[in-house]
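A quick write-up on the structure given underneath.
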Amino acid sequence: MMIATKPTAALDQLENTADGLDVPVHLAVIPALADASLAQHVKGSDHLVPIVHGWQHKNHAPSGQKKAEFGAARSGAIAELHRGLDQMRRLFGTGLVAVFVPPWNRIDQSYLAPLADAGYAGLSTFTPRQTTYAADGLMQINTHIDPINWRGTRGLTDPATLVAQTVEMLAARADGQTDAFEPLGYLTHHLVHTADVWDFTQQFLSELLDGGALPQPIAPLLEKHR
């Protein structure tokens, strides 16, 4: 999964990676900032799948709290959920997959039922899901692996650490500690990828695929469980 508002050289590089691996990239698009040129680009792609990334990617958290656009309940927030989905449908038409990705992976529980009421079919944050449905009709499909060392160099996290984290997550699935049926999500941030992050992403996903992993677009899962 990745964030985008317009076509860039970095997006081209990510798309080339996806094409070479034949895996879908679920493109987290900020509705209020999305350019029509991105919609045109995505319509010509075999592997870019647009989903909804908040409304403006604007922090509304009180001073001193972790950033969130849809944290504590606030006036106008539910209307933004509707506006975001409407805007994305205008831009991407039937190519849009109605999954909501809250900025900074944070969302208050009070927004879950309104998301479903607005027409969203899925929700995606970070770490293994605790339940298949976040609310009635709203499937949770998260991401799990983030290669960037955000609190340190903002480059690639030590590859051995990433591999160990992945093995631990897979073992937890095998032991029944977490949901083995949730697709394993790899989180990308193409606009800030260093060469090391690109290289690791290519090698890591290649090895997963060589080991028997199967690419899983979100749309069929949502349709199957409707």
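The values are calculated or read from the model by the stated rules, or taken from the named source; none is laboratory data. Computed from a predicted model, the values in this text were never measured in an experiment. Here the Cβ positions follow ideal geometry from the backbone for every residue, glycine too, while neighbour counts run over all protein chains shown. Side chains are part of the model used for accessible areas, which takes the heavy atoms of the whole protein and leaves out ligands, DNA and RNA. Shrake-Rupley method; radii C 1.70, N 1.55, O 1.52, S 1.80 Å.
Mind listing whichever residues of region 180-209 are aliphatic (A, V, I, L, M) and either buried (at least 17 other Cβ atoms within 10 Å of the Cβ) or under 28 Å from Thr8 (Cα atoms) (or both)? Spell out how you get there, then give the answer.
First pass over region 180-209, keeping only residues aliphatic (A, V, I, L, M): 180, 184, 187, 191-192, 195, 197, 205, 208-209.
Scanning region 180-209 gives Leu184, Leu187, Leu191, Val192, Ala195, Val197, Leu205, Leu208, Leu209.
Looking at the structure I just gave you, is Arg106 at pLDDT 95 or above, out of contact with any Asp or Glu (no Cβ under 9 Å at 6 or more places or on another chain) and open to solvent by 50 Å² or more (accessible area, probe 1.4 Å)? Steps first, please.
Values: at pLDDT 95 or above: yes; out of contact with any Asp or Glu (no Cβ under 9 Å at 6 or more places or on another chain): no; open to solvent by 50 Å² or more (accessible area, probe 1.4 Å): yes.
When the stated conditions are applied, Arg106 does not pass them.
Counting only residues that are open to solvent by 60 Å² or more (accessible area, probe 1.4 Å) and either assigned to a helix (DSSP H, G or I) or of a type in the set (D, E, K, R) (or both), how many does region 58-73 have?
Let us first name the residues in region 58-73 that are open to solvent by 60 Å² or more (accessible area, probe 1.4 Å), namely 58-60, 62-67, 72-73.
Subsequent filtering for residues that are either assigned to a helix (DSSP H, G or I) or of a type in the set (D, E, K, R) (or both) retains 58, 66-67.
Residues flagged as open to solvent by 60 Å² or more (accessible area, probe 1.4 Å) and either assigned to a helix (DSSP H, G or I) or of a type in the set (D, E, K, R) (or both) within region 58-73 amount to 3.
Scan (1) without any contact (Cβ under 8 Å) to a residue 60 or more places away in the chain; (2) surrounded by fewer than 16 Cβ atoms within 10 Å (Cβ to Cβ) for the single condition Pro114 breaks and write down its number.
It fails just one condition, (2).
Among the listed residues Leu115, Leu209, which satisfies the condition of being closer than 22 Å to Leu48 by Cβ and either outside any loop (DSSP other than H, G, I, E, B) or touching a His at 6+ places or on another chain (Cβ under 8 Å) (or both)? Walk me through how you get there before you give the answer.
Working: Leu115 fails: closer than 22 Å to Leu48 by Cβ.
When all the criteria are applied, what remains is Leu209.
Tell me which residues, restricted to region 74-84, are of a type outside the set (Ser, Thr, Tyr) and either open to solvent by 70 Å² or more (accessible area, probe 1.4 Å) or in contact (Cβ under 8 Å) with a residue 40 or more places away in the chain (or both).
Ile78, His82, Arg83, Gly84
For region 129-179, give me the residue count where each residue is open to solvent by 30 Å² or more (accessible area, probe 1.4 Å), assigned to a helix (DSSP H, G or I) and of a type outside the set (S, T, N, Q).
The total comes to 11.
In region 33-48, what residues are open to solvent by 30 Å² or more (accessible area, probe 1.4 Å) and either in a helix (DSSP H, G or I) or out of contact with any Lys or Arg (no Cβ under 7 Å at 6 or more places or on another chain) (or both)? It would help to see each step written out before you state the result.
Here is the first cut: in region 33-48, the ones open to solvent by 30 Å² or more (accessible area, probe 1.4 Å) are 33, 35-37, 40-41, 43-44, 46.
Once the filter is applied, which keeps residues that are open to solvent by 30 Å² or more (accessible area, probe 1.4 Å) and either in a helix (DSSP H, G or I) or out of contact with any Lys or Arg (no Cβ under 7 Å at 6 or more places or on another chain) (or both), region 33-48 yields Leu33, Ala36, Ser37, Gln40, His41, Lys43, Gly44, Asp46.
Might you check whether a residue that is aliphatic (A, V, I, L, M), surrounded by fewer than 13 Cβ atoms within 10 Å (Cβ to Cβ) and part of a loop (DSSP other than H, G, I, E, B) occurs anywhere in region 119-128?
Step one: list which residues in region 119-128 are aliphatic (A, V, I, L, M), which gives 121, 123.
Right, trim to surrounded by fewer than 13 Cβ atoms within 10 Å (Cβ to Cβ) and you get none.
So far as region 119-128 goes, no, none of its residues is aliphatic (A, V, I, L, M), surrounded by fewer than 13 Cβ atoms within 10 Å (Cβ to Cβ) and part of a loop (DSSP other than H, G, I, E, B).
Could you give me the residue pairs with C-beta distances under 6 Å whose first residue belongs to region 121-132 and is hydroxyl-bearing (Ser, Thr, Tyr), whose second residue is not in a strand (DSSP E or B) wherever it lies, and which are 6+ apart or on separate chains?
Ser124/Val101; Ser124/Ile141; Ser124/Asn142; Thr125/Asn105; Thr125/Asn142
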